[in-house]
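**Student:** Pasting a structure here, questions to come.
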Amino acid sequence: MLPTWSEIVVRLALLEQSRRRWGVCALGLATLTALGLAGCITSATPSTASSSTVRTPATTDTSSTARAPATARTTAAEQSEPASGPASATSVARVRLLSQDQYFNSIGYIFGPDITLAAHFAPFRRTQGLLEIGASSAGVTTGQIEEFQRTAAALAEQVVSPQHRGFLIPCAPKDGRRADPKCAREFLSAVGRLLYRRPLTSAELTQIVAKANEGADRLKDFYAGLSSALEGMLISPDFLFVVDRAEPDPRHADQMRLDGYSLAARLSLFLWNATPDDELLQEAGRGDLGSEAARARAVDRMLASPRLEAGVRAFFDDMLSFDDFATLSKDPQIYPSFTGVTVQDAREQTLRTIVNHLLVKRGDYRDLFTTRDTFVSPSLAAIYRVPAPPGWSEYDFPATSPRVGLLTEASFLAAHAHPGRSSPTRRGKALRELFLCQIVPRPPPNVDFSKVENPDPTLKTMRERLSAHRSNPVCAGCHRITDPIGLSLENFDGAGEFRATENGAPIDASGSLDGKSFTSPEGLAQALHDDPQVPACLVQRLYGYAVGGLEKSDSQVMLPYLDQRFAAQGYRVPDLMRTIALSNAFAEVSRSGAANPTTTATAQRAQRRAPAASAK
């Protein structure tokens with residue numbers, strides 16, 4: 001029978017117990033059976049199945065060593081060919097919880113934009129620099145389950161409501177006061193295929209239709225019964241969790257690969273941040289995605305779709321830690337121009353700039369740090385001191401402006417500052433972690449911040465105050481790797497507004513980045529543009545985002561290959577996304593089982609630290 005609400009709670013609790021026990025999601029066949037997801041692993045022999053358990057990655061950053069990009073360019077003919085990459089590279093089959101955006105995007109695609117959702121799902125833990133990777137180790141609390149249930153009930157009620165049923169339900173019951181198994185089956189079969197990202201089995205469909213019939217007869221309302229069945233599907237683990245199901249690869253006897261529907265889901269979540277569409281599910285059902293040429297056609301169609309913008313936005317929103325904007329605020333006495341609308345618009349400005357540069361103009365990723373082409377809203381115009389447009393408008397900062405690239409947009413400057421003052425340390429730390437994939441150590445306990453927070457009045461500028469703070473040898477090491485970067489952005493206050501002086505003293509905006517010195521924000525922008533670790537960091541983040549996490553072997557095999565391809569493609573992000581989606585590693589999965597604690601510890605030790613992090 002269709003799982004009851006209490007049974008679903010038990011299934012989700014079993015999943016959480018497994019994660020808590022192993023520290024990761026190490027799901028074998030027995031656990032998957034208990035969850036009602038026994039189809040996760042299929043194989044020719046029992047021994048193969050038992051050796052191919054689904055797991056999540058280690059929950060620590062696994063950063064690659066510095067990798068010098070190639071400089072050659074590919075020809076148009078090479079661009080059109082499938083790019084399978086290293087034959088030995090594989091990823092890991094995982095179980096991931098849908099993010100809130102993926103949930104909303106999927107519902108929007110399946111039922112249309114008229115269905116409104118008012119829900120707030122708990123965020124994931126940021127892992128390897130990304131929230132999306134944390135989806136593979138996300139716990140599910142009782143409160144979250146209740147939120148899923150409330151959202152499902154409200155959604156199902158809207159779908160069957162009189163204003164929506166006419167175009168969402170393809171049939172009408174013979175008698176609205178009684179069950180109609182034929183109509184229920186027609187609707188639930190089509191919707192279930194999209195929700196579960198695969199066709200329902202005959203047994204599943206029979207159970208779900210029986211649930212609808214039972215509700216209709218009990219409530220004397222066909223649509224109430226249909227709503228009850230749909231609600232059950234929306235809180236089913238088959239919808240809420242994305243399970244990578246593996247099967248033997250017929251081309252390589254000793255390898256496993258994602259089955260067609262799991263590959264379709266991985267492609268769609270990567271490129272569109274939503275469930276697969278009907279055409280992609282049809283291709284999965286026919287087995288087309290097992291062919292390199294057919295997969296290339298499918299990926300090219302997805303890259304040409306308007307839905308790609310949602311996928312690109314989701315990735316960069318995650319990579320840039322824009323979830324922090326939910327708690328961003330400024331002291332209104334100090335920064336009266338910075339309002340709640342400014343917070344929303346700062347985030348949107350950067351995402352619009354990224355989409356325009358990478359997708360519309362198909363520009364070089366590195367040029368995001370030096371471009372003066374952006375977008376401005378009325379609230380941002382007050383921060384940037386430019387004429388206010390009536391709404392969003394494209395805007396080019398003049399060559400004489402200190403505004404250049406993403407680092408001088410309010411989204412970076414305001415997010416990485418204090419509520420009432422700027423912070424060269426926070427800005428330098430953010431630059432290293434977000435754009436260079438480096439780890440800046442946390443400050444030691446009991447650090448004395450008085451020289452910064454309650455400074456000597458004779459120390460007028462932040463440069464002078466930080467210099468005094470660094471006289472403490474405990475603080476000097478980390479500040480050496482953050483402050484020379486952040487101080488070059490001191491012409492921008494805590495809200496991102498330009499200033500030439502601080503407390504009446506002229507601001508010195510000179511700085512350095514790993515041996516490259518400059519005297520202005522423009523110099524920092526160019527140094528970052530020219531740093532080979534910048535595109536290497538993007539490769540690392542985007543590949544981890546695509547497959548659910550990085551493994552130790554990726555830094556030796558897959559990441560160097562992607563670095564070379566990215567450079568050869570002119571650092572164009574859609575081409576990099578295509579290369580990842582068509583790679584062997586995207587579809588081929590490892591036979592390994594639960595995460596090996598030794599491997600996890602090795603990965604922790606291999607994390608790339610910022611240069612001179614331990615300097616005294």
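The values are calculated or read from the model by the stated rules, or taken from the named source; none is laboratory data. Please read all numbers here as calculations on a predicted model, not as lab measurements. When we count neighbours, we look across all protein chains shown, and the Cβ atoms used for this are built from the backbone with ideal geometry, even at glycine. Note: areas computed on protein heavy atoms with side chains; ligands, DNA, RNA excluded. Shrake-Rupley method; radii C 1.70, N 1.55, O 1.52, S 1.80 Å.
**Student:** Considering only residues that are small (Gly, Ala, Ser), modelled with pLDDT of 95 or more and within 23 Å of residue 90 (Cα to Cα), which ones fall in the stretch 550-577?
**Tutor:** 567, 568
A quick yes/no check of all residues on (1) modelled with pLDDT of 75 or more; (2) within 34 Å of the chain's Cα centre (by Cα):
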| residue | (1), (2) |
| --- | --- |
| 446 | no, no |
| 453 | no, no |
| 462 | yes, no |
| 470 | no, no |
| 473 | no, no |
| 478 | no, yes |
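**Student:** Something else about it: Which count do you get for residues in the stretch 559-586 that are open to solvent by 10 Å² or more (accessible area, probe 1.4 Å) and under 19 Å from residue 260 (Cα atoms)?
**Tutor:** Number satisfying all stated conditions: 2.
**Student:** I would also like to ask the following. List the residue pairs whose Cβ atoms are under 6 Å apart, where the first residue sits in the stretch 155-179 and is open to solvent by 40 Å² or more (accessible area, probe 1.4 Å), the second is small (Gly, Ala, Ser), and the two are 6 or more positions apart or on different chains.
**Tutor:** 157/227
**Student:** Taking the stretch 349-379 on its own, how many of its residues are part of a helix (DSSP H, G or I), in contact with a strand residue (DSSP E or B) (Cβ under 9 Å, 6 or more places away or on another chain) and not basic (Lys, Arg)?
**Tutor:** 5
**Student:** Yes or no: residue 346 open to solvent by less than 20 Å² (accessible area, probe 1.4 Å), outside any loop (DSSP other than H, G, I, E, B), small (Gly, Ala, Ser) and out of contact with any Ser or Thr (no Cβ under 7 Å at 6 or more places or on another chain)?
**Tutor:** Spelling it out, it is not the case that residue 346 is open to solvent by less than 20 Å² (accessible area, probe 1.4 Å), outside any loop (DSSP other than H, G, I, E, B), small (Gly, Ala, Ser) and out of contact with any Ser or Thr (no Cβ under 7 Å at 6 or more places or on another chain).
**Student:** Something else now. Checking the structure you have, find out if any residue of the stretch 266-274 is at pLDDT 95 or above, crowded, with 20+ Cβ neighbours inside 10 Å and touching a strand residue (DSSP E or B) at 6+ places or on another chain (Cβ under 9 Å).
**Tutor:** Taking every residue of the stretch 266-274 in turn, at least one turns out to be at pLDDT 95 or above, crowded, with 20+ Cβ neighbours inside 10 Å and touching a strand residue (DSSP E or B) at 6+ places or on another chain (Cβ under 9 Å).
**Student:** Can you tell me which condition residue 320 does not meet? The list is (1) within 22 Å of residue 524 (Cα to Cα); (2) touching a Pro at 6+ places or on another chain (Cβ under 8 Å); (3) buried (at least 20 other Cβ atoms within 10 Å of the Cβ); (4) not hydroxyl-bearing (Ser, Thr, Tyr), and all the others hold.
**Tutor:** For residue 320, the failing item is (2).
**Student:** Restricting to the stretch 483-514, count the residues that are closer than 19 Å to residue 420 by Cβ, assigned to a loop (DSSP other than H, G, I, E, B) and open to solvent by 10 Å² or more (accessible area, probe 1.4 Å).
**Tutor:** So the count comes out to 7.
**Student:** Given (1) touching a helix residue (DSSP H, G or I) at 6+ places or on another chain (Cβ under 6 Å); (2) aliphatic (A, V, I, L, M); (3) in a helix (DSSP H, G or I); (4) within 30 Å of residue 536 (Cβ to Cβ), where does residue 274 come up short, assuming only one miss?
**Tutor:** (3)
**Student:** Could you tell me whether any residue of the stretch 109-130 is open to solvent by less than 10 Å² (accessible area, probe 1.4 Å) and among the small types (Gly, Ala, Ser)?
**Tutor:** No: the stretch 109-130 contains no residue that is open to solvent by less than 10 Å² (accessible area, probe 1.4 Å) and among the small types (Gly, Ala, Ser).
**Student:** Any residue in the stretch 269-287 that is within 13 Å of residue 199 (Cα to Cα) and in contact (Cβ under 8 Å) with a residue 24 or more places away in the chain sitting within a Cβ distance under 8 Å of a residue that is assigned to a loop (DSSP other than H, G, I, E, B) and open to solvent by less than 10 Å² (accessible area, probe 1.4 Å)? List the pairs, counting only those 6 or more apart or interchain.
**Tutor:** Short answer, once both residue conditions are applied: 284/276.
**Student:** Output the residues belonging to the stretch 285-294 that are open to solvent by 10 Å² or more (accessible area, probe 1.4 Å) and in contact with a Lys or Arg (Cβ under 8 Å, 6 or more places away or on another chain).
**Tutor:** Selection gives 288, 290.
**Student:** Does residue 366 qualify as being of a type in the set (Lys, Arg), surrounded by fewer than 23 Cβ atoms within 10 Å (Cβ to Cβ) and at pLDDT 95 or above?
**Tutor:** yes
**Student:** Shifting gears a bit: List pairs: first in the stretch 502-517 and in contact (Cβ under 8 Å) with a residue 24 or more places away in the chain, second open to solvent by 30 Å² or more (accessible area, probe 1.4 Å), Cβ under 6 Å, 6+ apart or cross-chain?
**Tutor:** 503/460; 505/460; 508/463; 511/484; 512/484; 514/611
**Student:** Criterion first (open to solvent by 20 Å² or more (accessible area, probe 1.4 Å) and out of contact with any Gly (no Cβ under 9 Å at 6 or more places or on another chain)) does residue 378 satisfy it?
**Tutor:** Considered against the rule, which asks whether it is open to solvent by 20 Å² or more (accessible area, probe 1.4 Å) and out of contact with any Gly (no Cβ under 9 Å at 6 or more places or on another chain), residue 378 comes out as no.
**Student:** Kindly list the number of the only condition in (1) open to solvent by less than 30 Å² (accessible area, probe 1.4 Å); (2) modelled with pLDDT of 90 or more that fails for residue 83.
**Tutor:** Failing condition for residue 83: (2).
**Student:** Please state which of the following conditions residue 282 fails to meet, knowing it meets all the rest: (1) open to solvent by 20 Å² or more (accessible area, probe 1.4 Å); (2) assigned to a helix (DSSP H, G or I); (3) within 27 Å of residue 365 (Cβ to Cβ).
**Tutor:** (3) is the only condition that residue 282 fails.
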